[in-house]
There are 2 protein chains.
Amino acid sequence: MKERVNSKDVAKKAGVSQATVSRVINKYPHIRDTTKEKVLNAINELGFTVDQVARSLNTRKTSTIGLLVGDISNSFFAETSKEIISIARSLGYDVMLSNTDHQSDNLKTSLATLIGKRVDGIIVGSVERFDEQIQTLHDSKFPVILYNTRLASGNCNAVVIDNFKGARIATEHLISLHHKKIAYVTLPLNYSTLYERMEGYKQALADSDIPYDPASVYIGEISTQAIENFIDIIMSSPEKCTAVFAASDQIAIKIMEICKSKKIKVPEDISIIGFDNIDLSRSPFIDLTTISQQHIKMSEIAVHNLVNMIENKDMEEENQNASSVLEPQLIIRGSTKVLDK
Amino acid sequence: MKERVNSKDVAKKAGVSQATVSRVINKYPHIRDTTKEKVLNAINELGFTVDQVARSLNTRKTSTIGLLVGDISNSFFAETSKEIISIARSLGYDVMLSNTDHQSDNLKTSLATLIGKRVDGIIVGSVERFDEQIQTLHDSKFPVILYNTRLASGNCNAVVIDNFKGARIATEHLISLHHKKIAYVTLPLNYSTLYERMEGYKQALADSDIPYDPASVYIGEISTQAIENFIDIIMSSPEKCTAVFAASDQIAIKIMEICKSKKIKVPEDISIIGFDNIDLSRSPFIDLTTISQQHIKMSEIAVHNLVNMIENKDMEEENQNASSVLEPQLIIRGSTKVLDK
DNA sequence: CTGAAAGCGCTAACAC
DNA sequence: GTGTTAGCGCTTTCAG
């Protein structure tokens with residue numbers, strides 16, 4: 001069985017040295033046209049393709065970046081990954097994708113295998129606020145960039161929106177519609193994103209002199225059962241909630257589903273606002289008021305900055321600061337309305 | 001600046017040869033415990049990790065597989081990719097993901113870079129029926145497996161459901177509910193999947209002596225405008241359609257959205273059935289009757305079969321037949337109902 | 001049980 | 001312009 005053809009075979013066939021073949025492949029400027037042609041012909045006839053593994057070994061470059069997301073089946077990550085892959089490709093990089101299932105252990109092993117495979121850089125879409133592995137990686141000058149979340153220390157490049165502000169805007173939107181009892185539903189605050197949104201919610205309440213009521217806040221895993229219970233409570237308390245702010249569109253939609261099953265009308269009985277502006281929230285069946293993360297732009301910047309870091313690795317320290325903070329945007333749709341008394 | 005530490009450094013530090021370090025790393029059985037320990041210590045102290053690129057160069061194995069999908073932001077691919085990545089990882093493989101945007105050109109270049117990077121095998125989620133590139137690849141004995149679609153020639157391993165049967169079941173379901181004018185909406189039939197579904201639809205009609213009416217069939221790109229027009233036509237013709245079979249859940253949902261905007265009630269005014277059973281179709285806001293592709297199982301089988309092909313490459317030809325056909329399943333939800341006359 | 005040496009397929013000085 | 005020669009960091013005979 002014939003094995004793969006390599007540049008040596010090409011060289012022999014073309015009657016030149018292996019180095020010349022290499023030069024042709026890499027489009028070196030000064031090669032006589034006739035020899036270049038000989039080589040190109042040999043390449044075609046033999047069906048030669050460069051072995052990137054071998055090339056990577058001495059160029060110390062794989063032209064591959066690692067992408068770590070919490071859950072690729074979550075629309076937010078699916079949409080951003082698509083963009084990241086597409087931009088990376090346009091810049092000459094392939095993407096190795098890992099799904100961490102939001103488990104710190106998986107992050108660790110994924111990171112290890114990506115580093116082992118010598119990816120040129122890594123983009124991370126979900127890290128817990130106090131994660132040390134990413135911090136260490138960044139400290140070792142390895143090109144990493146976070147998007148969506150960031151580290152509490154702030155010591156790692158990240159592309160995020162101003163989550164604090166976004167949550168404030170969301171809450172203020174409800175307040176401007178005369179809502180006063182506003183519930184908040186969030187996953188645990190391990191991610192900076194969620195932590196900051198929580199703070200923004202509190203701040204907005206404080207700014208309007210609305211007392212913060214722990215009973216109106218759910219922090220935990222988002223199971224149907226748990227949310228049903230929570231909704232029951234906030235809707236039956238003496239001073240019942242008239243609006244809910246959900247820390248993500250996914251959560252908001254879950255809440256809408258539960259409201260539907262309980263015959264609670266949105267927005268008539270309760271206003272709901274989400275966060276992320278995933279594609280689905282625009283659907284007429286959902287029509288969710290939300291805060292846009294500008295997630296497409298976010299992915300775009302993340303890749304560009306990462307590639308920049310990779311390709312200018314030797315540049316000065318300060319240039320390595322590739323963080324950006326995008327502005328959140330309120331997207332008003334049909335799930336929120338003025339509270340009529 | 002200190003460069004990366006390699007196995008030579010470890011060898012020196014441990015006072016052994018590089019070969020021994022390699023043996024330890026690869027868990028060779030016969031090594032004296034004391035030397036093994038020395039090596040392990042050196043590895044830890046130096047923070048050594050294997051350079052997989054160098055390893056791949058002489059083992060001819062990258063432990064990486066390529067995954068090509070049409071559109072990762074499409075739930076079907078997002079959900080299957082998640083499963084594929086997870087199973088691949090459990091079998092020791094990383095995944096390089098490419099998004100083809102359903103463009104044959106992108107498939108071509110993606111294929112080329114994946115091959116160049118020496119992935120051990122490739123999983124393809126969307127190929128056109130008559131694609132030659134995949135055929136060529138398969139003929140060259142490179143491990144490839146298709147899922148979701150297959151080649152018209154049938155000469156490449158594929159894991160699919162019986163799409164013909166699925167479409168027949170879907171159509172028969174509507175017929176069993178006394179619908180007679182049943183529209184069909186599909187993307188162009190370049191994919192085997194869509195081609196076969198179309199055939200199944202026709203067959204079901206024929207089996208019930210319902211004439212096939214081209215005017216009730218839309219084949220083309222799914223734009224809001226186009227579908228709106230189509231709906232207008234089928235709902236206003238003298239003998240108007242009372243049911244629609246959509247070639248995918250995504251299309252079905254699009255139709256539902258348009259119906260909503262036109263105040264056409266589902267399922268009262270029109271029954272709608274989809275195909276795929278993506279997560280969203282289960283949502284109470286959608287509640288779509290559909291055909292399950294068993295896409296999770298499909299992904300699982302695809303990875304297992306591919307890995308099998310990779311790891312038993314030298315086995316007999318016949319064993320390379322790793323195709324499977326899964327059974328479609330009708331999932332009845334709220335978007336279809338008996339036609340009341 | 002362990003070491004020496006060759007080599008995977010390519011690129012990168014350094015000659016000429 | 002082009003060939004020669006070393007490696008990149010690892011694994012793998014082949015000795016001993």
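The values are calculated or read from the model by the stated rules, or taken from the named source; none is laboratory data. None of the values given here were measured: they were computed from a predicted structure. A quick note on method: Cβ atoms are made from the backbone with ideal geometry, for glycine too, and the neighbour counts reach across all protein chains shown.
Quick notes on this one:
- Test: residue in region B:6-23 that is within 12 Å of DNA strand D (Cβ to nearest atom), in a loop (DSSP other than H, G, I, E, B) and in contact (Cβ under 8 Å) with a residue 40 or more places away in the chain: yes
- Counted residues, region A:146-169 - those being among the hydrophobic types (A, V, I, L, M, F, W, C), in contact with a Lys or Arg (Cβ under 8 Å, 6 or more places away or on another chain) and touching a residue at least 24 places away in the same chain (Cβ under 8 Å): 6
- Listed by first and then second residue, the pairs with beta-carbon distance under 8 Å, at least 6 apart or on different chains, first residue in region A:49-63 and farther than 18 Å from B:THR109 by Cβ, second part of a helix (DSSP H, G or I) and more than 8 Å from DNA strand D (Cβ to nearest atom), are A:VAL53/B:SER56.
- Scanning region A:24-37 for residues that are in a loop (DSSP other than H, G, I, E, B) and surrounded by 13 or more Cβ atoms within 10 Å (Cβ to Cβ) turns up just one, A:ILE31.
- Any hit, region A:163-185, residues being in contact with a His (Cβ under 9 Å, 6 or more places away or on another chain) and on the phi > 0 side of the Ramachandran plot: no
- So A:ALA19, is it at the interface with another protein chain (Cβ under 7 Å from one of its Cβ atoms), near DNA strand C (Cβ under 9 Å from one of its atoms) and surrounded by fewer than 19 Cβ atoms within 10 Å (Cβ to Cβ): no
- Meets criteria (within 16 Å of DNA strand C (Cβ to nearest atom), over 20 Å from B:ILE301 (Cβ atoms) and out of contact with any Pro (no Cβ under 8 Å at 6 or more places or on another chain)) for B:GLN52: yes
- The set of residues in region B:276-322 that are modelled with pLDDT under 90 and within 18 Å of the chain's Cα centre (by Cα) contains only B:ALA322.
- Neighbours by Cβ (under 9 Å, 6+ apart or cross-chain): first from region A:247-273, without any contact (Cβ under 8 Å) to a residue 60 or more places away in the chain and within 12 Å of chain B (Cβ to nearest Cβ); second assigned to a loop (DSSP other than H, G, I, E, B) and among the aliphatic types (A, V, I, L, M): A:ILE253/A:ILE278; A:ILE253/A:ILE286; A:ILE253/A:LEU288; A:LYS254/A:ILE222; A:ILE258/A:ILE264; A:CYS259/A:VAL266; A:CYS259/A:ILE270; A:LYS260/A:VAL266
- Among the numbered conditions (1) among the β-branched types (Val, Ile, Thr); (2) under 30 Å from B:ILE145 (Cβ atoms); (3) not assigned by TED's automatic domain parsing to the domain that holds B:VAL307, the only one that B:THR35 does not meet is (2).
- Flag for B:ASP9 being more than 10 Å from DNA strand C (Cβ to nearest atom), acidic (Asp, Glu) and away from every other protein chain (no Cβ under 14 Å): yes
- Scanning region B:163-180 for residues that are farther than 20 Å from B:LYS240 by Cα and either aliphatic (A, V, I, L, M) or in contact with a helix residue (DSSP H, G or I) (Cβ under 6 Å, 6 or more places away or on another chain) (or both) returns B:ASN163, B:PHE164, B:ALA167, B:ARG168, B:ILE169.
- Restricting attention to region B:278-299, the residues that are more than 14 Å from every other protein chain (Cβ to nearest Cβ), of a type in the set (S, T, N, Q) and surrounded by 24 or more Cβ atoms within 10 Å (Cβ to Cβ) total 3.
- First in region A:321-338 and in contact (Cβ under 8 Å) with a residue 24 or more places away in the chain, second anywhere and of a type in the set (Asp, Glu) and surrounded by 15 or more Cβ atoms within 10 Å (Cβ to Cβ), Cβ under 7 Å, 6 or more apart: A:VAL325/A:ASP162; A:GLU327/A:ASP162; A:PRO328/A:ASP162; A:ARG333/A:ASP287; A:GLY334/A:ASP287; A:SER335/A:ASP287
- Unique match (being modelled with pLDDT of 95 or more and touching a Pro at 6+ places or on another chain (Cβ under 9 Å)) among A:ILE115, A:ILE169: A:ILE169
- Criterion violated by A:ASP209 - all others in (1) outside any helix (DSSP H, G or I); (2) free of Cβ contacts under 8 Å to residues at least 12 places away in the same chain; (3) under 26 Å from the mean Cα position of the chain (by Cα) satisfied: (3)
- The condition (being part of a strand (DSSP E or B) and under 22 Å from A:ALA167 (Cβ atoms)) is satisfied by just one residue among A:ILE286, A:ILE272, A:ILE253: A:ILE272.
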